[in-house]
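Everything below concerns the one structure shown next.
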2 protein chains.
Amino acid sequence: MSELETYIQSYFGIEQKEMATIAALFKPEDLKKGDYYLKTGKLCNKLSFIKSGLLRIYVKDENKEVTQWISTAGYFVTDLSSLVFQNPARWTIQALSDVELYTISRNDYNRIGKLIPDWHQLEKLFIAKCFTMLEDRIFSHLSMSAEERYAFFFEHNKELFNQVPLQYIASMLGMTPETFSRIRKKTIR
Amino acid sequence: MSELETYIQSYFGIEQKEMATIAALFKPEDLKKGDYYLKTGKLCNKLSFIKSGLLRIYVKDENKEVTQWISTAGYFVTDLSSLVFQNPARWTIQALSDVELYTISRNDYNRIGKLIPDWHQLEKLFIAKCFTMLEDRIFSHLSMSAEERYAFFFEHNKELFNQVPLQYIASMLGMTPETFSRIRKKTIR
DNA sequence: GCGTCGGCTTGACAAATATCAAGAAATCAG
DNA sequence: CTGATTTCTTGATATTTGTCAAGCCGACGC
């Protein structure tokens, strides 16, 4: 479980001993390509660190699917609103490849705060960071064209482009697959 | 200062005694129409509850201004990234009208955690809620046309439409004033 | 009351993006 | 390897949205 420990340690700057306490609450969980981690409307009662693989977070809107995000190894995945407030999950989360996770249940997750003094503070910082990233993303929709959003995303996520169906990236950038394809052609490859 | 107490109490469910402790850290602050609460690049070392008035959160992008949000009475305003991580402020925040605030400094804000046991937990919940609202907003850009975003926003924020220059609402919905005006004409008024 | 100014609207037109349909390319199962 | 299926590309066209320019309207200072 060293990736998880390394990650949490580097991100949260937690002591070795406390780190072990937290890490012990995460259990390995494997998904096959196509398996669902979560479906819209269910309760999301877990949080997972992605050891390997890719997951797509999306929602069916009328008869279209809208991809909200693609989560990759080294990051966490959950439906925050459902995990924290026990609302019905907004997102469906599906494995785009075989996936290895370290998963913690909501119960165990909520216990961390009692085990580790500073936990809620760290948690707050983590969510604040996520909030800031969403602000940037909204800004990209207010100020950039499809082509600019493509260029920016490509610059920062080259690896993703040969690992997942491009239509999903198109959707999460807010454009159709056709527009995505045309922009892609214009860009040096 | 009762609005503030009422708000915090209803939102965070804090005890009367603790409530008084927190509220005492907020100081009244008044802004005239046009005054700046914060400028891009500065440090934001405060958080404010809006007692009355309206503030526009925006950023100059090249030679255009992009309005990120308009904050109204009964809500908080700050630059979260700057407040929490002491990054240079991303946003400029300007009073759209005369404004009455209750403002807490970063120092005092950070002390709350030591005064009130559950504070970081509550804070986390609050930010998580904000995060969820941004997710919705991103979703609106992935799945809705300008006209749909207009209709949705109008439905939920009718009051705002006769209080602020419409060009700012247009910008925060991601369209030009002209498009906004044309959509507006089509809609029943 | 009058001019000025900011903000809104309108029209003509251009550019960006979506839609629909077809076919090519890649991927997958057997 | 081969056929089936999914994904990507391309073209033709429609729709949405943006740009530019002009005019209008209401608020405000004087």
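The values are calculated or read from the model by the stated rules, or taken from the named source; none is laboratory data. Because the structure is a prediction, the values reported are computed rather than measured. Glycine gets a Cβ as well: all are built from the backbone with ideal geometry, and neighbour counts include every protein chain shown. With ligands, DNA and RNA removed, areas are computed over all heavy atoms of the protein, side chains included. Shrake-Rupley method; radii C 1.70, N 1.55, O 1.52, S 1.80 Å.
Annotations for the structure displayed:
- Search result, residues across segment A:26-52 that are free of Cβ contacts under 8 Å to residues at least 60 places away in the same chain, away from DNA strand D (no atom under 16 Å from the Cβ) and either β-branched (V, I, T) or open to solvent by 20 Å² or more (accessible area, probe 1.4 Å) (or both): A:K39, A:T40, A:G41, A:K42, A:L43, A:I50, A:K51, A:S52
- A:V66 being farther than 17 Å from A:N107 by Cα, touching a helix residue (DSSP H, G or I) at 6+ places or on another chain (Cβ under 6 Å) and either within 14 Å of chain B (Cβ to nearest Cβ) or open to solvent by 80 Å² or more (accessible area, probe 1.4 Å) (or both): yes
- Candidates B:Y7, B:Y102 - the one that is touching a strand residue (DSSP E or B) at 6+ places or on another chain (Cβ under 6 Å) and open to solvent by less than 50 Å² (accessible area, probe 1.4 Å): B:Y102
- Checking each residue in segment B:142-189 for being under 24 Å from A:T67 (Cβ atoms), in contact with a strand residue (DSSP E or B) (Cβ under 8 Å, 6 or more places away or on another chain) and either of a type outside the set (A, V, I, L, M, F, W, C) or within 8 Å of DNA strand D (Cβ to nearest atom) (or both) picks out only B:S143.
- Some residue of segment A:96-113 being at pLDDT 95 or above and facing another protein chain (nearest Cβ under 7 Å): no
- Criterion: within 16 Å of DNA strand C (Cβ to nearest atom), free of Cβ contacts under 8 Å to residues at least 60 places away in the same chain and within 8 Å of chain B (Cβ to nearest Cβ) - qualifying residue of A:H120, A:H141: A:H141
- A:E15 meets the conditions (1) within 16 Å of DNA strand C (Cβ to nearest atom); (2) more than 18 Å from the chain's Cα centre (by Cα) in every case but one. The failed one is (1).
- Meets criteria (at the interface with chain A (Cβ under 10 Å from one of its Cβ atoms) and of a type in the set (V, I, T)) for B:V59: yes
- All conditions but one from (1) more than 23 Å from A:L142 (Cβ to Cβ); (2) modelled with pLDDT under 95; (3) not hydrophobic (A, V, I, L, M, F, W, C) apply to B:K60; the one that does not is (1).
- Remark: pairs (first residue in segment A:68-85, more than 17 Å from A:K46 (Cβ to Cβ) and modelled with pLDDT under 95; second residue in a strand (DSSP E or B) and not polar (S, T, N, Q); Cβ separation under 6 Å; 6+ apart in sequence or on different chains) = A:A73/A:I50.
This table checks each residue for (1) among the basic types (K, R); (2) closer than 27 Å to B:R137 by Cα; (3) buried (at least 19 other Cβ atoms within 10 Å of the Cβ).
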{"position": "A:I127", "(1), (2), (3)": "no, yes, yes"}
{"position": "A:S143", "(1), (2), (3)": "no, yes, no"}
{"position": "A:S171", "(1), (2), (3)": "no, yes, yes"}
{"position": "A:M175", "(1), (2), (3)": "no, yes, yes"}
{"position": "A:R182", "(1), (2), (3)": "yes, yes, no"}
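- B:M133 being within 16 Å of DNA strand C (Cβ to nearest atom), free of Cβ contacts under 8 Å to residues at least 24 places away in the same chain and within 13 Å of chain A (Cβ to nearest Cβ): no
- Residue count for segment B:147-173, restricted to those that are within 14 Å of chain A (Cβ to nearest Cβ), within 11 Å of DNA strand C (Cβ to nearest atom) and not hydroxyl-bearing (S, T, Y): 3
- Of the helices (runs of 4 or more DSSP H) lying entirely inside segment A:1-87, those containing at least 2 residues that are charged (D, E, K, R) span A:2-12, A:16-23.
- All of (1) farther than 27 Å from A:L47 by Cα; (2) away from every other protein chain (no Cβ under 13 Å); (3) surrounded by 18 or more Cβ atoms within 10 Å (Cβ to Cβ) hold for A:T187 with one exception: (3).
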